[in-house]
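Single-structure report; data block below.
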Amino acid sequence: MGPMTSSPRIAFVSLHTSPTAVPGTGDAGGMNVVELHQGLELAALGHTVELITRRSDPDLPEVTEIAPGLTLRQVTAGPAEIVAKSQQEALIGEFSAGLARLEPYEIVHSQHWMSGVAALPVAQQWSVPHVQSYHSIAAQRIGLPLSEGEPPESPGRVAGEALVARESDLVVAVSRAEAATVVERCGGDAERVVVVPPGVDGEMFRPVRVGDEPWRKGIAPYLVFAARLQPLKAPDVVVRSLGLIDPQVRPRLVIAGDGSPDFPTYAQQLRDLASGAGVADSVIFVGSLPRPELAQLLRGASAAVVPSYSETFGLIALEAESCGIPVVAARGSGGLEESVIDGRTGVLVDGHDPQRWAEGLESLLRDEPRRSLLGRQARSFAEQLTWRRSAKRLWEHYDRLLGGVA
């Protein structure tokens, strides 16, 4: 490439981000939230960023300006419709060819393994640095318990994760746990793996104030589970635990999130489970929510629950903490132990036994002073993690790479 410009063009590449989920309508999911907010903050710092994704809506324009310095670009690869994540590996080649037809960027940052497999050879062709973020990793420790019903991974996923770990100029992890996974299970070089924690919008995700309208009248107390509905996220654990909590203190459980195309019957399975446990009236399904409404839902909750079997960080936990409520999460689930500080911002429960979860939740629900203290400490913790801080850290790593290339 020619001489480095004063304002390098940065490409955030994401094959499976739905463009309709940007800039944040509906349940964009943790990956898209990180990508969007880091892009917004980098643009606000004076950099030029393009979010490049696969066209999944024929009615959206090829290029859309999201904010000054930040645009969304769609590349045609496969049908212009939503494709189940498990089926998108077949689109990698077309997506890569579409990327190669674009004007070269000075730095290419791929989000998720499929994007990396598509973009890595293009970045190498352009002779520019390739940066990889995973957001979730399939490679598992031997003997790690998996949630029942998980589908087989895409055939090339484990090999693809290893490829981009070995060959990328830099891997950006969101937690120390994820960084260790990249090195230990994907074969990444520890010298080329860095940690850049995500942030949270502390104005949107804020504690309740005097005069705030409740999310919905007449349902308090309630817990919030917010994630895509699939076995890995383990909402069934909380549904089962509700039936084991003393009816005198039993809360409602609000489940916010859409079903996954890979698990089309899972939401109904949860409803049947609630009926079987005698708590159907206590479980409320609300689908995906716009982020302002999700924040309103969280700030009025007694606690958020994150029972996932695996999380690279657990962004929803940080958003709940920013709202001033404690988080009850599964211990040993990767980055959750970095986003939820046991005894300070929430409670970590050993394993996924519904009885243990019921005991942990009931103890918290019966102790309002403890809940309040954890909530205040959670907000203080979240205030340290801003998107501006996250973007500045990311740029520091980009700057080193670009300096090395120059």
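Results, tabulated for the structure shown:
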item	result
Of all residues in the range 185-204 being of a type outside the set (A, V, I, L, M), in contact (Cβ under 8 Å) with a residue 40 or more places away in the chain and out of contact with any Leu (no Cβ under 7 Å at 6 or more places or on another chain), the one that is farthest from Ile137 (Cα to Cα)	Gly202
In the range 371-391, residue surrounded by the fewest Cβ atoms within 10 Å (Cβ to Cβ) [restricted to those that are farther than 19 Å from Val305 by Cα and in contact (Cβ under 8 Å) with a residue 60 or more places away in the chain]	Glu383
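Listed here are the residues, each with its yes/no results for (1) more than 30 Å from Trp126 (Cβ to Cβ); (2) surrounded by fewer than 24 Cβ atoms within 10 Å (Cβ to Cβ); (3) without any contact (Cβ under 8 Å) to a residue 24 or more places away in the chain; (4) not assigned by TED's automatic domain parsing to the domain that holds Thr48.
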residue: Ile341; (1), (2), (3), (4): yes, yes, no, yes
residue: Gly351; (1), (2), (3), (4): yes, yes, yes, yes
residue: Gln355; (1), (2), (3), (4): yes, yes, no, yes
residue: Pro369; (1), (2), (3), (4): yes, yes, yes, yes
residue: Arg393; (1), (2), (3), (4): no, yes, no, no
residue: Tyr398; (1), (2), (3), (4): no, yes, no, no
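Matching residues to (1) out of contact with any Asp or Glu (no Cβ under 8 Å at 6 or more places or on another chain); (2) basic (Lys, Arg); (3) farther than 28 Å from Leu374 by Cβ; (4) in contact (Cβ under 8 Å) with a residue 40 or more places away in the chain:
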position: Asp236; (1), (2), (3), (4): yes, no, no, no
position: Ala267; (1), (2), (3), (4): yes, no, yes, no
position: Ser275; (1), (2), (3), (4): yes, no, yes, no
position: Leu298; (1), (2), (3), (4): no, no, no, yes
position: Val305; (1), (2), (3), (4): yes, no, no, yes
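This table checks each residue for (1) more than 19 Å from the chain's Cα centre (by Cα); (2) buried (at least 19 other Cβ atoms within 10 Å of the Cβ).
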site	(1), (2)
Gly218	yes, no
Phe225	no, yes
Gln230	no, yes
Val237	yes, yes
Leu244	yes, no
Ala256	no, yes
Ser260	no, yes
Pro264	yes, no
Leu270	yes, yes
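The values are calculated or read from the model by the stated rules, or taken from the named source; none is laboratory data. All values derive from a computational prediction rather than experimental measurement. Backbone-built Cβ (ideal geometry, glycine too); neighbour counts: all protein chains shown.
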